[in-house]
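Laboratory data are not the source of any read-out in this text; all were calculated from the coordinates shown. Note that this is a predicted model, so its numbers are computed, not measured. When we count neighbours, we look across all protein chains shown, and the Cβ atoms used for this are built from the backbone with ideal geometry, even at glycine.
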Amino acid sequence: MSKRIFDLICLGRAAVDLYGQQVGARLEDEASFAKYLGGSAANTAYGCSILGLKSAMLTRVGDEHMGNFVRESLENAGVDVSHVKTDTQRLTGLVLLGIKDKDTFPLIFYRNDCADMAVSAYDFNEAFIASAKAFLVNGTHCSTANTYNTTKQALAYAKANAVKTVFDIDYRPVLWGLTSLGDGETRFISDQSVTEHLQTLLADFDLIVGTEEEIHIAGGSEDTIEALETIRSISQATVVLKRGALGASVYPDAIPTDLDQGITVKGVKVDVLNVLGAGDAFMSGFLRGWINNEPHEVSLRYANACGALVVSRHGCAPAMPTAEELDDYIERLDVIDRPDLDKRLNYLHRVATRDPKTWPELCVLALDHRQQFVDMARRASVSSGHIPHLKKLLVQAAEAASERTGIEGKFGLLLDDTYGQDSLDYATGKDWWVGRPIELPGSRPLEIEGRDDIGTRLKSWPVEQVVKCLVFYHPDDPVALRLAQERQIVKIYNACCHSGHEFLLELILPHGSAVDELTLFRAMERIYNLDVYPDWWKLPPQTPVVWQKIDALIKRRAPHCRGIVILGLAATAEKLKKGFAESTSSEMVKGFAVGRTIFAEPCQQWLENKIDSQSLIDQVSDNYVELIEFWQQRRIRSES
């Protein structure tokens, strides 16, 4: 028997969901769509993975951007994609979905000869199927001769290797050709041929999961008990019946005369936004328990809670909870009436669904200055029209320095869209850390740059870009000033939560204000008291004692914080190096985001035409390399 590498392999649909963002609108009237991972099997693989199971996906995607998106979404969630094959002849399936009201969820499947329906027995071997504890397939995926035969071959491999088998009935009449092409919403149409087709599969499974309507189609009767009895006459599988608001029941043996006589766990009461994807979340939660041999009551509790969380959110896969979020929800079920409004759950979900990439260190060249570049140009008696080209040269210098120092995966830039839009476009998509400012330079109270509101601005920003906000803030500012600034900080943070952008908050104590060692610490504490949890902090150097206090604050209030980067404020290189050395006591300080210390003098000389572009690149690169190397050696030097 092969080693069980995976907890679960999922065979079936893997697509892209385009969700209408205007809740309450007809699908005809939707003006914009959010793009998510879709497809029942892919959703389940994703959900199981973020719940802590090691899952793998067996499917095909198109040789195009959406296929890449599906593969990357699965991979980012920890799903093994070694058997997500690229089909050069077919496109990735798409689904358009809307949320009209609590009972109306229009959707259209674009799946005519799509890639995942071409998955073949040649795409895998017996060893792959044997490497899992469990193997899952969806009923709708077996609707064609090709997918049916592929599924039967995989099930034969599973049976020969004692792999547990799972059947998600997943009935979509439109995908069986029983409705008009545009009617993806209809969940049930009785059809004898579909029933007979599904019943040829039932005996192959150890676990069968479905709603009452899905049990009806599999069992060939609209009487649920009768349908369950028919399934039991064909299969010895444990049957899980999803019963909506009533919860769910498990029937491991004989079918009782009353549905409640099964192993039943009542449902979780929630305010429903969107039922789409709830079944895949339910399956993910149930499998978390079932694969780990937990009692059925525990598996049902996981499943019901997962389903409840998803129906209260927008989207399918990205609405699913992680293990930490799920466990927190279950622990507090009695006190959470609206999970969609619970601040702790929303925080846990936000940090769970952001980019999974980690940054063990971060060496950022800050080029987002605007007024400072204008001032340099004025001193050189040249127009600000030189600044965009200058920033391009600085990005070249930064890229050269990163290559010289080998900081791949630790390299970043701060760039603005006022003078650096071309540079932003160049940097985005390269797997670099990229931050982008939103504040009006020098504003106090804080103002947002540009005329658009925050949400409108962020709608056009790539999600990989980190929203950076600099605020000159003191916890003892006059009340009116402090409240005005805090309102803006809260608005920006909430906009980031909605848009999916990470948020970096740069705190600088106002020049000339009364400060002591704990002033910055108190300012951060006040921000957390506003229920604002920055993904990143950008802070000036502190003493080792203060760094330890800040570390303790972050771990207590926002344990999923990405970290802190040290700012420069045009300090000398020697002063910055001292600050770096003193940060070794902090686990949260991940690096630096420094600008003028590195580029100010060479840029002034270039603007004054005293050096050429290559000299500028060389000098900035050298300065940047020096700071990177000192950062990398700071612990050794601080201990010597």
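Of note:
- Checked against a 23 Å cut-off, the cross-linked pairs K549/K578; K269/K491; K410/K538; K343/K491; K391/K575; K357/K549 give Cα-Cα distances beyond that limit for K269/K491; K391/K575; K357/K549.
- Across the chain, the relative contact order, built from alpha-carbon pairs under 8 Å that are at least six residues apart, equals 9 percent.
- In a fully extended conformation the segment linking K152 and T543 would gain 134.2 nm over its present Cα-Cα distance, using 0.36 nm per residue.
- Stokes-Einstein D in µm²/s, Kirkwood radius over Cα pairs - segment 489-546 at 25 °C with 0.890 mPa s viscosity: 195 µm²/s
- Relative counts (whole %) of C-alpha pair distances in segment 8-353, using bins that are 10 Å wide: 6, 27, 37, 25, 5, 0
- Net charge over other residues, Cβ less than 14 angstrom from the Cβ of L481 (K, R count +1; D, E count -1): 0
- Per the Cα gyration tensor, segment 118-253 maps to an equivalent ellipsoid with semi-axes of 24, 19, 12 Å, ordered largest to smallest.
- DSSP bridge pairs, segment 362-639: antiparallel proportion in percent, nearest 5: 5 percent
- Contact order for segment 8-353, expressed relative to its length and based on alpha carbon pairs under 8 Å spaced 6+ residues apart, stands at 15 percent.
- For segment 1-123, pairs of C-alpha atoms spaced more than 24 angstrom apart make up 32 percent of the total.
- Unit Cα scatterers, Debye sum, segment 264-347: log10 I(q)/I(0) for q = 0.13, 0.20, 0.21 Å⁻¹: -0.34, -0.83, -0.92
- Relative intensity, log₁₀ I(q)/I(0), of the chain from a Debye sum that treats every alpha carbon as a point, q = 0.07, 0.08, 0.10, 0.12 Å⁻¹: -0.53, -0.67, -0.95, -1.19
- Normalised contact order of segment 35-111, rounded percent, pairs of Cα under 8 Å and 6 or more residues apart: 27 percent
- Across all directions, the average flat footprint of the convex hull enclosing the Cα atoms of segment 362-639 is 14.2 nm².
- Peptides 58-64, 255-261, 321-327, 43-49 ranked from most to least packed, by the mean per-residue count of other Cβ atoms within 10 Å: 43-49, 58-64, 321-327, 255-261.
- Cα-based shape type of segment 347-478, given that a ≥ b ≥ c are square roots of the gyration tensor eigenvalues and the cut on a/c is 1.5: oblate
- Counting every other Cβ atom within 10 Å of each residue's Cβ, I108, I225 order from fewest to most as I225, I108.
- Net +/- balance of residues flanking K152 in space, Cβ distance below 11 Å, scoring K and R +1, D and E -1: 0
- A viscosity of 0.890 mPa s and a temperature of 25 °C, combined with the Kirkwood radius over C-alpha pairs in the Stokes-Einstein formula, give segment 554-630 a diffusion coefficient of 175 µm²/s.
- Semi-axes of the equivalent ellipsoid for segment 150-204, Cα gyration tensor, largest first, Å: 28, 11, 9
- Q372-E601 pseudo-label distance in nm [points 7 Å out on the Cα-to-Cβ vector]: 1.5 nm
- Efficiency of FRET from Cβ geometry, K430 and F69, R₀ 25 Å, rounded to 0.05: 0.90
- Loop-resident trypsin sites (Lys or Arg not before Pro) (DSSP state other than H, G, I, E or B) in segment 372-445 with no more than 12 further Cβ atoms inside 10 Å of their Cβ: K430.
- Taking other Cβ atoms within 10 Å as a rough exposure proxy, F124, F630, F135 sort from fewest to most as F630, F124, F135.
- Local net charge near G289, Cβ-Cβ under 14 Å (Lys/Arg +1, Asp/Glu -1): 0
- Restricting segment 388-488 to GluC sites (Glu not before Pro) that sit in a DSSP loop and have at most 11 other Cβ atoms within 10 Å of their own Cβ leaves E408.
- Remark on segment 528-576: ratio of C-alpha radius of gyration to 2.2 N^0.38 Å is 1.27.
- Table column - 3J(HN,Hα) (Hz), segment 133-144, Karplus curve with 6.51, -1.76, 1.60, x for Gly and Pro: 6, 9, 10, 10, 9, 9, x, 4, 5, 9, 7, 10
- Rh by Kirkwood over Cα pairs, then Stokes-Einstein D for segment 246-402 at 0.890 mPa s and 25 °C, µm²/s: 125 µm²/s
- The magnitude of the dipole of the chain, with charges of +1 and -1 set on the Cβ of Lys/Arg and Asp/Glu and taken from the Cα centre, is near 1560 debye.
- The equivalent ellipsoid of segment 176-267 has semi-axes of 22, 17, 10 Å, largest first, where each one is the square root of 5 times an eigenvalue of the Cα gyration tensor.
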